[in-house]
1. From the list Ala176, Ala198, Ala181, which residue is surrounded by fewer than 14 Cβ atoms within 10 Å (Cβ to Cβ), farther than 20 Å from Glu149 by Cα, modelled with pLDDT of 95 or more and among the hydrophobic types (A, V, I, L, M, F, W, C)?
2. Of the conditions (1) surrounded by fewer than 18 Cβ atoms within 10 Å (Cβ to Cβ); (2) farther than 15 Å from Val16 by Cα, Thr157 satisfies every one except a single condition; which number is it?
3. For the stretch 30-139, which fully contained strands (runs of 3 or more DSSP E) count at least 1 residues that are surrounded by 15 or more Cβ atoms within 10 Å (Cβ to Cβ), among the charged types (D, E, K, R) and touching a residue at least 24 places away in the same chain (Cβ under 8 Å)?
4. I'm trying to understand the selection: among the residues of the stretch 41-95, which are among the aromatic types (Phe, Trp, Tyr) and more than 13 Å from Ala5 (Cα to Cα)?
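The values are calculated or read from the model by the stated rules, or taken from the named source; none is laboratory data. As the structure is a computational prediction, the values presented were derived from the model and not from experiment. Please note: Cβ atoms are built from the backbone with ideal geometry, for glycine as well, and neighbour counts cover all protein chains shown.
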Amino acid sequence: MRVLAVTHGPSVGPGVFADAVADGGHDLAEWPVQLGEKPPEGEDAVIVFGGAMHPDEDERHGWLKTELRWLEGLLDQGTPLLGVCLGSQLVARAAGAEVFRSSESEVGWFPVERTPAAADDPVAGALPERFDAFEWHHYTHTLPAGAVELARSRVCTQAFRLGNAWGVQFHPEVRAEQVEAWVGEDPEDVSDADAFLAAMRARIEDWNELGRRLCRAFLAVV
């Protein structure tokens with residue numbers, strides 16, 4: 001099976017999702033969409049990852065409109081699709097949802113709870129009923145028409161499904177070295193970098209196993 005990873009910068013790649021793809025014997029291609037190249041064709045599944053930009057910055061990042069039109073096509077075709085953080089916001093926007101700045105930013109570890117609908121979902125069912133998720137976002141979105149909310153935090157929707165498309169607001173893919181890079185890129189988002197990184201390192205091994213499990217569940221659906 002061919003899996004396409006859509007990335008929006010050098011430090012926001014597939015992370016531990018690449019492990020799950022490789023362990024399943026699948027091929028992983030990467031499309032750095034911000035470079036303006038055309039996307040590969042013939043992928044069986046697509047995973048859209050995060051980025052430092054926001055989902056409504058069309059004027060600042062001209063390629064966003066191209067990506068949104070492409071995502072609209074994937075949704076119309078029913079291509080299996082998983083969005084992560086910015087990726088989730090873009091999938092939601094491509095499906096007609098409103099994206100906007102959240103009432104509160106979530107940067108770090110935050111409690112997330114599955115909704116009852118997640119119990120029977122083949123992807124979100126891989127998540128615990130309650131867990132602390134690693135987050136790094138300032139935006140959120142409404143639910144697209146016809147979508148089902150699968151998890152939420154006190155602040156916003158954390159997971160949803162629309163047909164063959166899923167979105168998660170948290171970062172199940174992230175490796176420790178990626179978080180370290182993000183702290184260097186956006187130090188103003190973290191009040192105490194040393195404490196933030198120490199907390200991350202204490203939790204990251206278990207978090208990475210959850211991320212691999214979630215990705216395997218998505219690949220099994222495909």
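1. On the way: Ala176 fails: surrounded by fewer than 14 Cβ atoms within 10 Å (Cβ to Cβ); Ala181 fails: surrounded by fewer than 14 Cβ atoms within 10 Å (Cβ to Cβ).
From the options Ala176, Ala198, Ala181, the qualifying one is Ala198.
2. Only one criterion is unmet by Thr157, namely (1).
3. On the way: elements: 45-48, 81-84, 99-114.
So the answer is 99-114.
4. Taking the stretch 41-95 as the starting set, the residues that turn out to be among the aromatic types (Phe, Trp, Tyr) are 49, 63, 70.
The answer is Trp63, Trp70.
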